[in-house]
Amino acid sequence: AEDSLVNQRLAVGLLEKKGYQVDVVNDGQAALEAIRERDFDLILMDVQMPRMDGLEATGHIRKQEQETGEHIPIVAMTAHAMPEDRQRCLDAGMDEYVAKPIRSEALYSAIEQLTGVKTTSVAKPIANDWMKPTEHLDWQTAWDTVGGDLDLLQELISAFLEELPGMEQGLASAVEKENAVEVRQMSHKIKGSLRYFGAKPAYDLAYKLESCAEHGTMADAAGMVDALRKELAAIGPLLRKFLQAPADARGFDAEG
(Lines give C-alpha, C1' and ligand atoms only; values in the text may rest on other atoms or scores of the structure.)
Protein backbone atom coordinates (compact mmCIF):
# COMPACT_ATOMS: atom_id res chain seq x y z
CA ALA A 1 0.00 0.00 0.00
CA GLU A 2 1.89 3.03 -1.31
CA ASP A 3 0.89 6.19 -3.21
CA SER A 4 4.25 7.00 -4.82
CA LEU A 5 4.80 5.38 -8.21
CA VAL A 6 8.58 5.39 -7.67
CA ASN A 7 8.27 3.60 -4.32
CA GLN A 8 5.77 1.15 -5.83
CA ARG A 9 8.07 0.23 -8.71
CA LEU A 10 11.09 -0.11 -6.43
CA ALA A 11 9.37 -2.31 -3.84
CA VAL A 12 7.70 -4.50 -6.46
CA GLY A 13 10.96 -4.87 -8.38
CA LEU A 14 12.92 -5.89 -5.28
CA LEU A 15 10.23 -8.36 -4.22
CA GLU A 16 9.62 -9.94 -7.62
CA LYS A 17 13.36 -10.35 -8.06
CA LYS A 18 13.21 -12.78 -5.13
CA GLY A 19 10.14 -14.63 -6.41
CA TYR A 20 7.39 -12.94 -4.41
CA GLN A 21 3.96 -12.27 -5.91
CA VAL A 22 2.89 -8.67 -5.26
CA ASP A 23 -0.35 -6.71 -5.47
CA VAL A 24 -0.21 -2.90 -5.32
CA VAL A 25 -2.79 -0.41 -4.01
CA ASN A 26 -2.53 3.37 -3.65
CA ASP A 27 -3.94 3.99 -0.16
CA GLY A 28 -5.14 2.43 3.07
CA GLN A 29 -8.77 2.20 2.00
CA ALA A 30 -7.79 0.20 -1.06
CA ALA A 31 -5.66 -2.04 1.16
CA LEU A 32 -8.71 -2.88 3.28
CA GLU A 33 -10.69 -3.70 0.15
CA ALA A 34 -7.88 -5.92 -1.16
CA ILE A 35 -7.64 -8.07 1.96
CA ARG A 36 -11.39 -8.64 1.88
CA GLU A 37 -11.02 -10.10 -1.61
CA ARG A 38 -8.01 -12.39 -1.13
CA ASP A 39 -5.49 -13.69 1.39
CA PHE A 40 -2.03 -12.18 1.80
CA ASP A 41 1.04 -13.46 3.63
CA LEU A 42 2.34 -9.98 4.46
CA ILE A 43 1.46 -6.31 3.96
CA LEU A 44 3.92 -3.48 3.28
CA MET A 45 2.08 -0.38 4.50
CA ASP A 46 3.12 3.19 3.80
CA VAL A 47 2.26 5.51 6.67
CA GLN A 48 1.46 8.76 4.82
CA MET A 49 -1.15 8.15 2.11
CA PRO A 50 -4.21 10.04 0.82
CA ARG A 51 -7.78 8.97 1.62
CA MET A 52 -6.68 6.69 4.50
CA ASP A 53 -3.18 6.54 5.98
CA GLY A 54 -1.35 3.40 7.01
CA LEU A 55 -1.89 3.79 10.74
CA GLU A 56 -5.67 4.03 10.36
CA ALA A 57 -5.77 1.14 7.89
CA THR A 58 -3.74 -1.03 10.25
CA GLY A 59 -6.16 -0.22 13.07
CA HIS A 60 -9.09 -1.42 10.96
CA ILE A 61 -7.25 -4.61 10.00
CA ARG A 62 -6.36 -5.44 13.60
CA LYS A 63 -9.96 -4.78 14.71
CA GLN A 64 -11.25 -7.21 12.09
CA GLU A 65 -8.71 -9.81 13.18
CA GLN A 66 -10.06 -9.73 16.73
CA GLU A 67 -13.15 -11.40 15.31
CA THR A 68 -11.37 -13.90 13.04
CA GLY A 69 -8.36 -14.78 15.20
CA GLU A 70 -6.03 -14.26 12.22
CA HIS A 71 -2.96 -12.04 12.07
CA ILE A 72 -1.41 -10.66 8.88
CA PRO A 73 2.14 -9.35 9.43
CA ILE A 74 2.28 -5.65 8.55
CA VAL A 75 5.54 -3.82 7.82
CA ALA A 76 5.43 -0.04 8.10
CA MET A 77 7.24 1.94 5.40
CA THR A 78 7.91 5.57 6.33
CA ALA A 79 10.39 8.38 5.80
CA HIS A 80 10.20 9.21 9.50
CA ALA A 81 13.01 7.26 11.13
CA MET A 82 13.09 8.51 14.72
CA PRO A 83 12.59 5.96 17.55
CA GLU A 84 9.26 7.55 18.45
CA ASP A 85 8.07 7.12 14.85
CA ARG A 86 8.88 3.41 14.97
CA GLN A 87 7.05 3.10 18.29
CA ARG A 88 4.01 4.89 16.87
CA CYS A 89 3.83 2.30 14.09
CA LEU A 90 4.17 -0.59 16.53
CA ASP A 91 1.52 0.93 18.81
CA ALA A 92 -0.83 1.10 15.82
CA GLY A 93 -0.50 -2.67 15.41
CA MET A 94 2.28 -2.96 12.85
CA ASP A 95 4.82 -5.74 13.34
CA GLU A 96 7.98 -4.31 11.78
CA TYR A 97 9.32 -1.06 10.40
CA VAL A 98 11.34 -0.17 7.28
CA ALA A 99 12.61 3.38 6.94
CA LYS A 100 12.56 5.14 3.59
CA PRO A 101 14.39 5.45 1.31
CA ILE A 102 13.71 1.74 0.83
CA ARG A 103 16.90 -0.31 0.84
CA SER A 104 16.92 -3.90 -0.41
CA GLU A 105 18.71 -5.37 2.61
CA ALA A 106 16.42 -3.62 5.12
CA LEU A 107 13.32 -4.75 3.22
CA TYR A 108 14.50 -8.34 2.93
CA SER A 109 15.52 -8.38 6.61
CA ALA A 110 12.07 -7.24 7.75
CA ILE A 111 10.39 -9.93 5.65
CA GLU A 112 12.79 -12.55 7.00
CA GLN A 113 11.99 -11.61 10.59
CA LEU A 114 8.27 -12.01 10.02
CA THR A 115 8.17 -14.97 7.62
CA GLY A 116 11.44 -16.84 8.16
CA VAL A 117 12.25 -16.54 4.42
CA LYS A 118 15.84 -15.37 3.96
CA THR A 119 16.79 -13.21 0.98
CA THR A 120 19.93 -11.21 0.33
CA SER A 121 21.18 -8.76 -2.28
CA VAL A 122 24.59 -7.16 -2.71
CA ALA A 123 25.15 -4.33 -5.19
CA LYS A 124 28.41 -4.31 -7.12
CA PRO A 125 30.37 -1.05 -7.36
CA ILE A 126 30.03 1.07 -10.46
CA ALA A 127 33.14 0.66 -12.56
CA ASN A 128 32.75 3.24 -15.33
CA ASP A 129 33.85 6.87 -15.02
CA TRP A 130 30.86 7.87 -17.17
CA MET A 131 28.71 7.44 -14.07
CA LYS A 132 30.68 9.64 -11.71
CA PRO A 133 28.59 11.60 -9.16
CA THR A 134 27.47 15.03 -10.38
CA GLU A 135 26.44 18.11 -8.43
CA HIS A 136 22.83 17.10 -9.06
CA LEU A 137 22.74 13.35 -8.30
CA ASP A 138 24.84 10.37 -7.21
CA TRP A 139 24.66 7.23 -9.37
CA GLN A 140 26.14 5.00 -6.68
CA THR A 141 23.21 5.87 -4.42
CA ALA A 142 20.81 4.91 -7.21
CA TRP A 143 22.71 1.67 -7.85
CA ASP A 144 22.65 0.73 -4.16
CA THR A 145 18.94 1.52 -4.03
CA VAL A 146 18.08 -1.21 -6.53
CA GLY A 147 20.50 -3.76 -5.09
CA GLY A 148 22.59 -3.88 -8.26
CA ASP A 149 19.69 -4.57 -10.65
CA LEU A 150 20.08 -2.64 -13.91
CA ASP A 151 16.57 -3.40 -15.18
CA LEU A 152 15.06 -2.20 -11.91
CA LEU A 153 17.09 1.01 -12.03
CA GLN A 154 15.74 1.69 -15.51
CA GLU A 155 12.22 1.09 -14.20
CA LEU A 156 12.81 3.38 -11.22
CA ILE A 157 14.06 6.20 -13.44
CA SER A 158 11.15 5.75 -15.85
CA ALA A 159 8.66 5.88 -12.97
CA PHE A 160 10.23 9.04 -11.60
CA LEU A 161 10.21 10.79 -14.98
CA GLU A 162 6.60 9.68 -15.55
CA GLU A 163 5.41 10.99 -12.20
CA LEU A 164 7.52 14.16 -12.04
CA PRO A 165 5.42 16.54 -14.22
CA GLY A 166 2.31 15.84 -12.19
CA MET A 167 4.15 16.29 -8.90
CA GLU A 168 5.67 19.60 -10.04
CA GLN A 169 2.32 20.87 -11.26
CA GLY A 170 0.60 19.78 -8.06
CA LEU A 171 3.19 21.50 -5.91
CA ALA A 172 3.05 24.76 -7.88
CA SER A 173 -0.75 24.74 -7.74
CA ALA A 174 -0.76 24.10 -3.99
CA VAL A 175 1.63 27.00 -3.38
CA GLU A 176 -0.45 29.30 -5.57
CA LYS A 177 -3.56 28.37 -3.55
CA GLU A 178 -1.53 28.75 -0.32
CA ASN A 179 -2.73 25.29 0.68
CA ALA A 180 -0.15 24.24 3.28
CA VAL A 181 -1.52 20.70 3.59
CA GLU A 182 -1.14 20.01 -0.13
CA VAL A 183 2.27 21.69 -0.23
CA ARG A 184 3.46 19.44 2.58
CA GLN A 185 2.07 16.33 0.89
CA MET A 186 3.54 17.09 -2.54
CA SER A 187 6.93 18.17 -1.13
CA HIS A 188 7.08 14.98 0.91
CA LYS A 189 6.35 12.86 -2.16
CA ILE A 190 8.94 14.62 -4.33
CA LYS A 191 11.52 14.46 -1.54
CA GLY A 192 11.03 10.72 -1.13
CA SER A 193 11.62 10.05 -4.83
CA LEU A 194 14.69 12.29 -5.05
CA ARG A 195 16.46 10.52 -2.21
CA TYR A 196 16.80 7.35 -4.28
CA PHE A 197 19.04 9.18 -6.74
CA GLY A 198 21.24 10.93 -4.20
CA ALA A 199 19.85 14.24 -5.52
CA LYS A 200 20.84 16.23 -2.44
CA PRO A 201 20.35 19.84 -3.66
CA ALA A 202 16.82 19.12 -4.91
CA TYR A 203 16.08 16.94 -1.89
CA ASP A 204 17.12 19.74 0.49
CA LEU A 205 14.79 22.20 -1.25
CA ALA A 206 11.86 19.78 -1.09
CA TYR A 207 12.62 19.15 2.58
CA LYS A 208 12.61 22.89 3.34
CA LEU A 209 9.29 23.28 1.53
CA GLU A 210 7.78 20.42 3.49
CA SER A 211 9.04 21.88 6.78
CA CYS A 212 7.73 25.37 5.95
CA ALA A 213 4.31 24.00 5.07
CA GLU A 214 4.23 21.87 8.21
CA HIS A 215 4.93 24.93 10.38
CA GLY A 216 2.66 27.26 8.41
CA THR A 217 5.46 29.55 7.22
CA MET A 218 4.66 29.85 3.52
CA ALA A 219 6.09 33.32 2.76
CA ASP A 220 9.12 32.01 0.84
CA ALA A 221 7.37 28.98 -0.69
CA ALA A 222 7.05 30.40 -4.23
CA GLY A 223 10.79 31.16 -4.41
CA MET A 224 11.68 27.71 -3.12
CA VAL A 225 9.41 26.09 -5.69
CA ASP A 226 11.16 28.02 -8.47
CA ALA A 227 14.56 26.91 -7.16
CA LEU A 228 13.37 23.31 -6.90
CA ARG A 229 12.02 23.31 -10.44
CA LYS A 230 15.36 24.59 -11.76
CA GLU A 231 17.16 21.78 -9.97
CA LEU A 232 14.69 19.21 -11.28
CA ALA A 233 15.19 20.61 -14.78
CA ALA A 234 18.88 19.73 -14.43
CA ILE A 235 18.21 16.22 -13.10
CA GLY A 236 15.75 15.21 -15.82
CA PRO A 237 18.23 15.26 -18.74
CA LEU A 238 20.79 13.25 -16.74
CA LEU A 239 18.24 10.52 -16.09
CA ARG A 240 17.00 10.53 -19.69
CA LYS A 241 20.58 10.30 -20.93
CA PHE A 242 21.01 7.17 -18.83
CA LEU A 243 17.90 5.54 -20.33
CA GLN A 244 19.01 6.38 -23.87
CA ALA A 245 22.67 5.34 -23.48
CA PRO A 246 23.91 2.01 -24.90
CA ALA A 247 24.05 -0.71 -22.25
CA ASP A 248 27.86 -0.89 -22.27
CA ALA A 249 28.14 2.87 -21.68
CA ARG A 250 26.13 2.93 -18.49
CA GLY A 251 29.00 1.67 -16.38
CA PHE A 252 27.15 -1.14 -14.63
CA ASP A 253 27.95 -4.81 -14.31
CA ALA A 254 24.36 -5.96 -14.03
CA GLU A 255 23.27 -9.01 -12.04
CA GLY A 256 19.69 -9.31 -13.15
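The values are calculated or read from the model by the stated rules, or taken from the named source; none is laboratory data. Only a predicted model underlies this, so the values are computations on that prediction, with no experimental measurement involved. Ideal geometry is used to build each Cβ from the backbone, glycine not excepted, and the neighbour counts take in all protein chains shown. For accessibility, only protein heavy atoms count, side chains too; no ligands or nucleic acids. Shrake-Rupley method; radii C 1.70, N 1.55, O 1.52, S 1.80 Å.
Summary table
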{"quantity": "Sulfur and carbon atoms: percent of accessible area, the chain [1.4 Å]", "calculated": "48"}
{"quantity": "H71, H188, reordered so the largest accessible area comes first (probe 1.4 Å)", "calculated": "H71, H188"}
{"quantity": "Segment M82-K63, length gained on full extension (0.36 nm per residue, minus Cα span)", "calculated": "4.2 nm"}
{"quantity": "222 nm mean residue ellipticity, helices alone, for the chain (DSSP H n ≥ 4; -39,500 (n - 2.57); rounded to 500)", "calculated": "-19000 deg cm²/dmol"}
{"quantity": "Solvent-accessible area of H215 with every protein chain in place, 1.4 Å probe, in Å² to the nearest 10", "calculated": "140"}
{"quantity": "Burial ranking of peptide ranges 148-155, 19-26 (average Cβ count within 10 Å, highest at the top)", "calculated": "148-155, 19-26"}
{"quantity": "Under 5 Å, built H, 5+ apart or other chain: amide partners of V98", "calculated": "A76, M77, T78"}
{"quantity": "Kirkwood hydrodynamic radius of the chain, from inverse mean 1/r over distinct Cα pairs, in Å", "calculated": "19.2"}
{"quantity": "Cα centroid of the stretch 74-104 to Cα centroid of the stretch 187-214, whole Å", "calculated": "19"}
{"quantity": "Cα Rg, Dmax, the stretch 37-85, angstrom units", "calculated": "11.9, 35"}
{"quantity": "Sites matching trypsin sites (Lys or Arg not before Pro) across the stretch 13-76 that sit in DSSP coil, with at most 16 neighbouring C-beta atoms within 10 Å", "calculated": "K18, R38, R51"}
{"quantity": "Convex hull of Cα atoms in the stretch 111-241, direction-averaged projection (nm²)", "calculated": "9.5"}
{"quantity": "Highest-MSF residue in the chain out of T68, T217, T145 [GNM, Cα springs under 10 Å]", "calculated": "T68"}
{"quantity": "Candidate residues C212, C89: accessible-area rank, largest first, probe 1.4 Å", "calculated": "C212, C89"}
{"quantity": "Peptide ranges 199-210, 107-118 listed from the most packed, as the mean C-beta count within 10 angstrom indicates", "calculated": "199-210, 107-118"}
{"quantity": "Pairs beyond 24 Å (Cα-Cα), from K177/K241; K63/K191; K177/K230; K100/K208; K177/K200; K132/K191", "calculated": "K177/K241; K63/K191; K177/K200"}
